[in-house]
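Structure record follows, encoded as structure tokens.
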């Protein structure tokens, strides 16, 4: 009997009341990813509308792993919980709403395998595009991404995009301090920059979700993003100093 092939990439998807829409999301990912993979779909509560269709899907495909987050409610904690439970050396975070291009997961993973600690799917580099989405959110994201690229030299024009691949060893070394929203993307880019670890990007076309409503709360989450934005600037730090700074920013 053949042993199961270990995953080369783990995909983490935080969900909240996606319902039957999770089926199309998983179909897209499994059609787009050719590498051996596992897909950890992380939910906060057993009564989430995603749970029933997710369980049926997982019963048919062992690569799909439903997992209940016990770190507390919200996408940041769900993502952190998922990353803490992956089996592959590379993890890709993507959303359940169809906004990200699942066919790019392989390419992002291979960039990390070549030596970068963060591989970003960038809406704001040549060849990238954002279609739809709230105007204010888009403008703020673009301004933050491009200014961090040109002035802090973070290695990507799209630090705020959640669609990224990470070296799992890097994430576990620096730790994740975000506990609000989707700030993990900019947090890990800023930590990589202060450690002077390599970050790369590929162009992506981001599409506004076709179903449901975004859970992104601009006014509530901007102050947390600004903390990591400011942290991106400064001299090289040791790993211990980065970890200590992260704890201060969390408090």
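A short reminder: the numbers here are calculations on the coordinates, not readings from a lab. Quick caveat, the model's predicted, so the values are computed rather than measured. For neighbour counting, all protein chains shown are included, and Cβ atoms are generated from backbone atoms with ideal geometry for every residue, glycine included.
Table for the structure above
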{"quantity": "For 136, 148, order by how many other beta-carbon atoms lie within 10 Å, fewest first", "calculated": "136, 148"}
{"quantity": "Normalised convex hull volume, the range 107-159, alpha-carbon set, Å³ per residue", "calculated": "86 Å³"}
{"quantity": "Centre separation in Å (Cα based) which lies between the range 43-84 and the range 5-28", "calculated": "9 Å"}
{"quantity": "Helical mean residue ellipticity (222 nm; -39500 (n - 2.57) per DSSP H run of 4+; nearest 500) of the chain", "calculated": "-12000 deg cm²/dmol"}
{"quantity": "Burial ranking of peptide ranges 26-36, 179-189, 69-79 (average Cβ count within 10 Å, highest at the top)", "calculated": "179-189, 69-79, 26-36"}
{"quantity": "Of every Cα-Cα pair in the range 72-177, the percent that sits beyond 17 Å", "calculated": "57 percent"}
{"quantity": "Segment residue 23-residue 169, extension gain: residue separation times 0.36 nm, minus the distance between their alpha carbons", "calculated": "49.5 nm"}
{"quantity": "Percentage relative contact order, the chain, counting C-alpha pairs under 8 Å, at least six apart", "calculated": "21 percent"}
{"quantity": "Segments 86-93, 167-174 sorted - mean Cβ within 10 Å per residue, highest first", "calculated": "86-93, 167-174"}
{"quantity": "Per principal axis, descending, Cα span of the range 103-251 in whole Å", "calculated": "42, 35, 27"}
{"quantity": "Rg/Rh (Cα only; Kirkwood hydrodynamic radius) as it applies to the chain", "calculated": "0.94"}
{"quantity": "Exposure proxy ranking, count of Cβ atoms within 10 Å, fewest first, for 141, 190, 126", "calculated": "126, 141, 190"}
